[in-house]
Amino acid sequence: MYAGPGVKTSKDFPIPDTMKAWVLGNPGELKLAQKPVPVPKRAEVLVRIDAVAICATDLEIIDHGSPALIQGGKPFNKNFTPGHEYMGTVVALGPGVDEYKIGQRVTVEIHAGCGQCKRCREGMYTSCHNYGLNYGDVDKGHRANGFTTDGGFCEYQVNNINTLVAIPDTMSDEEATLVVTAGTAMYGLTELGGLVAGESVVVTGPGPIGLLGVAVAKAMGAQPVILTGTRDNRLKIGRELGADHVINVRNENVVEAVKRLNAGKGVDYVVECSGAPNAVNEAIYMVNRGGKVCLAAFPHAETPVDVAHIVRNNIYLYGIRGEGKSATHRAEAFMSQKRFDATKIHTHTFALDDLPTAIRYAKERIDDAIKVVVKARGVAAHQVAAE
Ligand SMILES: [Zn+2]
Ligand SMILES: [Zn+2]
């Protein structure tokens, strides 16, 4: 019977001893396996996973390993379960947990910092100095589910209470999986960037973070908000999420177009979500003097950058890793108040058993897929429930 020291459960939510879990073998190889249902410790709960979205970073991890870090190295053949953008229902409480109730619906953010390093003490838990130090005899308390610890392509997972975000019943499971994506864009713009109303923003690359970056920037009062990209169907969704202008970079010079829309000076912020080879240089040319460039994409190759232009123009350039500073809570507040409709980027739902098909849809953008969600319950296997 499922139990652990000091762990509270409820008859209303019976918990099995084992669960279905997808496990990463060699690069690109996922296998459906049985694993023990994990048991929460102090400051942790067990979440029954009701929905999990596939992220471009999952595809990166499954094929190339990085940025996952398991037992100090690549995640292959280590019985590792990827997946990090999930939501669900709290079904067991670790010892002493009274912040959440059994039966409560939550979505999760990814990083639980160690709580004791310099960055965690500053509230920068996504930059924890004990990143990945949580295996064997090393237990610094750091978890990043789906990166350094088991993730969400399974039926249950333990989460530190600091990673939970309560959601209202008016928010669907699918929408709740998008809170962390919106929270990532928000962290880049507000906590790291300092955006206030009336400032101008360009988002380059209409992927999920870019599209929700547009939505968050607009909800924050940015003006104008400009989205650039190569696919008109994605740019159209960007307009629906609040972009004042969209620029198809195939049709015009993107730097000139941005400047034309901002009295020749360029914008206060660029959020770079494309990872394109010349994206950083274009970003620094379209930002104004003293402006800020947030880098949110992972390019595969090293990128030459016009450093002299950055220095001459006092431009700030910063990377963003994940959600940080509880930005997910602020993103959830925008979403539950319907300040923007994140479900516009959710395109497909599959059963958990069909994860390989779901991944193929996400990777090959079959049927214009943007965010593909898998669910352990309520979706028949081998059936596409497109919205
Ligand atoms: Zn993600
Ligand atoms: Zn830390």
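The values are calculated or read from the model by the stated rules, or taken from the named source; none is laboratory data. These figures come from a predicted structure and were not determined experimentally. Using ideal geometry, Cβ is built from the backbone for each residue, glycine included, and neighbour counts are taken over all protein chains shown. Side chains included, ligands, DNA and RNA excluded: accessible areas come from the protein's heavy atoms. Shrake-Rupley method; radii C 1.70, N 1.55, O 1.52, S 1.80 Å.
Listed here are the residues, each with its yes/no results for (1) open to solvent by 70 Å² or more (accessible area, probe 1.4 Å); (2) of a type in the set (Asp, Glu); (3) part of a loop (DSSP other than H, G, I, E, B).
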position	(1), (2), (3)
Val311	yes, no, no
Glu323	no, yes, yes
Ala333	no, no, no
Lys338	yes, no, yes
His348	no, no, no
Asp353	no, yes, no
Arg360	yes, no, no
Lys363	yes, no, no
Asp367	yes, yes, no
### Task
Check off (1) more than 30 Å from Gly103 (Cβ to Cβ); (2) within 24 Å of the chain's Cα centre (by Cα) for Glu175 and give me the number that stays unchecked.
(1)
### Summary
Counting only residues that are among the charged types (D, E, K, R) and either crowded, with 20+ Cβ neighbours inside 10 Å or within 16 Å of ligand 1 (Cβ to nearest atom) (or both), segment 38-47 contains a total of 1
#### Entry: Contacts under 8 angstrom Cβ, first residue in segment 7-34 being over 25 Å from Asp63 (Cβ atoms) and aromatic (Phe, Trp, Tyr), partner open to solvent by 30 Å² or more (accessible area, probe 1.4 Å) and at pLDDT 95 or above, 6 or more apart
Phe13/Arg48; Phe13/Ile102; Phe13/Gly103
### Query
Among the residues of segment 56-88, which ones are aromatic (Phe, Trp, Tyr) and buried (at least 22 other Cβ atoms within 10 Å of the Cβ)?
Phe80, Tyr86
### Summary
(1) among the charged types (D, E, K, R); (2) within 16 Å of ligand 1 (Cβ to nearest atom); (3) open to solvent by less than 40 Å² (accessible area, probe 1.4 Å) all hold for Asp50 apart from (2)
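Run down Lys371, Lys338 and say which single residue is touching a Pro at 6+ places or on another chain (Cβ under 6 Å) and modelled with pLDDT of 95 or more.
Lys371
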### Any pair with Cβ under 7 angstrom, 6 or more apart, that starts in segment 76-90 at a residue that is more than 13 Å from ligand 1 (Cβ to nearest atom) and ends at one that is open to solvent by less than 10 Å² (accessible area, probe 1.4 Å) and among the aromatic types (Phe, Trp, Tyr)
Thr81/Phe153
### Query
So which residues in segment 73-109 are among the hydrophobic types (A, V, I, L, M, F, W, C) and over 22 Å from the mean Cα position of the chain (by Cα), if there are any at all?
Val91, Ala92, Leu93, Val97, Ile102
